[in-house]
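In what follows, a single structure is set out as structure tokens and then discussed.
The values are calculated or read from the model by the stated rules, or taken from the named source; none is laboratory data. These figures come from a predicted structure and were not determined experimentally. With ideal geometry, Cβ positions are generated from the backbone for all residues, glycine too; neighbour counts draw on all protein chains shown. Each accessible area value is taken on the protein alone, full model and side chains, heavy atoms only, with ligands, DNA and RNA left out. Shrake-Rupley method; radii C 1.70, N 1.55, O 1.52, S 1.80 Å.
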Amino acid sequence: MSLCFFSASMAAAGAGEVYPTLWGFSPALDLQMQCLHSTLQHLSTCDDVPELNILLVGCGDGRHLLKTICQARRWPQRRLNFFIIESDLELLARQMLFLTLALENPEHMGLQEKCEIFLELFGNSLVRSKTAAYLQDKCALFIKCVTDPEYQQTVLPMLDLTCIKFKERDELEYIFKFWRTPEPNLFPIERYWDVKNRQFLGKRYDSRRGAYDWDLNMKLHERGAPMISAMEYSHWRERGIAFMIREGIYDVPNKTLASHMSVTHRCGKVQARGYWGDITTSPYIAYGIETENKSLLKTTNSMYTKTAQDFSQHNITSMFNELMTGQRYSLASPDKNGEGRSCDFPTNGQTTIQKADESSEQSNGDTDHKACSEVPNYVKLDNVVIHFLPLSWVNDLHRRSKLLNLFNIVYFSCSMVHHLSADYKLITAKKASLIVELTKFMVDLHVDKVKSYVTIVTKVAKEAGFATTENIDWKRDYVATFERVDNCDEVRKGL
């Protein structure tokens, strides 16, 4: 059964190897909204504050983490504890980058600039020199954080790296040093992208524009992503550049997309650095196919007037604005600078988000990125803790007594779901929610396999001790949600 899972989850890459999930195959979720209502009714408390413990296995790009944190104040006050396991340390490094970018102090970086840099680093093979400079500048901070725990707790107290082993810290340091190196030839992603494209398309390479159009119209559009335009999808498939918000020169390799994989060489298996990510589905799925802003959903002649880039830009801007202000972002009421304003929304409680002490700010008011890195002043998150866990723990979590009966929500990506077993029931709390990513948006997966994958997921979840609460529709759903079945429930059903 696990082999069936493994084969299905790797279909997006077109090969039988585990590829890094640089961006997910499902839209970003607010996990407090996605989990079952019964889960939220069985939370433990600490100091009279309910605790929601969330395990994310293979999320990859951290989209669920960011959206859940950004929308936390829509919900009653809860302490959010995230535990993250990834297949590659590069993915943990990217999540660390995205988190700190989201928490940049508004006095140091404007909302629009923050959104643009995020999208470039998130989904572009090539970025502007300004974005590359920002990345290189932040690497010094990241290196100090992974090598000096006390400093990390001072700068990013919401991040817990205590479970990361010394060897993994050394590898993270190596990754950040690679990011910091300005030499572009160390990661010639344009050549990597073209070679990967040629290998994937084979004889179809010379007619690749038609292949792009087929994948977009007959697969992505048919499966629920019609707002992805032909021009932007074709441009991404050809060069790997998904977001061109500014009219600038995109010529610097995005080194955060680099990772290592074991490849066959004449001397045997070797670790090779390259681009091993997705070249068919696109980064648009994560933030670019759903929105709360209905004005973006307008159509003309059955075609969307806004593109997936517009959706992504608005959604990221909304998330980051809500993280800072606790209020929804609206395009309906532009301010004097032409940007959207925040608007209040009803809430039953808030998760307090506090700014760093003003005493740590630059006395001279300098706002360039270099100055910001010298005296870090990130926005502080209250009641949020993010634990990075080693990959080696993915099958051994049940052996750690502190984790038994702990997690209220467990999320599995389709690339990691082959690790799901009955042992995971031991680490989940009563009425816990299991959320499994489906293969709906995997371009290279035939529709019959998309259907059968739902059956496989349901069966494996049942064997692990989780039951579905409603029918899963492979055409409609991109994730499946299950509930932990207690022993008394099993006995009652057996009777």
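Below are the figures for this structure:
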quantity	calculated
The stretch 189-338: Cα Rg divided by the 2.2 N^0.38 Å rule of thumb	1.26
Diffusion constant of the stretch 130-253 at 25 °C, which comes from Stokes-Einstein with the Kirkwood Cα-pair radius and 0.890 mPa s, µm²/s	137
Surface accessible to a 1.4 Å probe, D213 within the full protein complex, Å²	80
Rounded to the nearest 10 Å², the accessible area of S87 at probe 1.4 Å	30
Solvent accessible area, Å² - T45, 1.4 Å probe, full protein context	100
Normalised contact order of the chain, rounded percent, pairs of Cα under 8 Å and 6 or more residues apart	26
Computed FRET value (nearest 0.05) for T300 with E183, which takes r as the C-beta separation and R₀ as 60 Å	0.80
Relative contact order (%) - criterion: Cα under 8 Å, at least six apart; region: the stretch 249-291	29
Under the Karplus curve 6.51 cos²θ - 1.76 cosθ + 1.60, θ = phi - 60°, whole-Hz ³J(HN,Hα) for the stretch 60-67, x wherever Gly or Pro sits	x, 9, x, 5, 5, 4, 5, 5
Reachable lysines, given that their alpha-carbon falls under 24 Å from the alpha-carbon of K114 and they are not under 8 places away in the same chain	K67, K130, K138, K144, K177, K255, K294, K306, K336, K355, K370, K380
Nitroxide proxy distance, nm - points 7 Å out along Cα→Cβ at R246 and A467	5.5
Under-5 Å amide H pairs with D160, H placed in peptide plane, nonlocal only	I386, H387, F388
For A429, residues with placed amide H under 5 Å, excluding near neighbours	L406, F407, N408
Estimated dipole of the chain in Debye, rounded to 20 [Cβ of Lys and Arg +1, of Asp and Glu -1, Cα centre]	1360
Whole-Hz couplings from phi, Karplus 6.51/-1.76/1.60, listed for the stretch 430-446; x for Gly and Pro	4, 6, 5, 9, 10, 10, 10, 6, 9, 9, 3, 9, 7, 4, 8, 9, 5
Amide H partners (placed H, <5 Å) of V127, local residues excluded	D251, V252, N254
Helix-only [θ]222 nm of the chain, DSSP H runs n ≥ 4, -39500 (n - 2.57) each, per residue, nearest 500	-10500 deg cm²/dmol
The stretch 129-276, relative contact order in percent, only Cα pairs under 8 angstrom and at least six apart counted	23
Three-way shape label, the chain, alpha-carbon gyration tensor, a/c 1.5	rounded
Surface share of carbon and sulfur [accessible, 1.4 angstrom probe, percent] for the chain	50
Magnitude of the charge dipole, the stretch 105-195, Cβ model with Lys/Arg +1 and Asp/Glu -1, debye to 20	100
Mean accessible surface per residue for the stretch 389-495, computed with a 1.4 Å probe while every protein chain stays in place, in Å²	46
Solvent-accessible surface ranking, highest first, for L40, L66 at 1.4 angstrom	L40, L66
Net dipole in debye of the stretch 192-302 [+1 Lys, Arg Cβ; -1 Asp, Glu Cβ; about Cα centre; nearest 20]	480
Whole-Hz couplings from phi, Karplus 6.51/-1.76/1.60, listed for the stretch 309-319; x for Gly and Pro	5, 4, 4, 4, 4, 5, 5, 5, 4, 5, 4
Solvent-accessible ranking of T300, T317, largest area first, probe 1.4 Å	T300, T317
D (Stokes-Einstein, µm²/s), Kirkwood Cα radius, the stretch 65-172, 0.692 mPa s at 37 °C	213
Protein-only accessible surface order, largest first, of S392, S312 at 1.4 Å	S392, S312
Modelled FRET efficiency - R0 45 Å, K167 with A230, Cβ distances, 0.05 increments	0.45
Filtered GluC sites (Glu not before Pro), the stretch 189-277: DSSP coil and at most 10 other beta carbons within 10 Å	E247
Cα lying deepest toward the dipole's positive end in the chain, options C70, G326, Y205, charges on Cβ	Y205
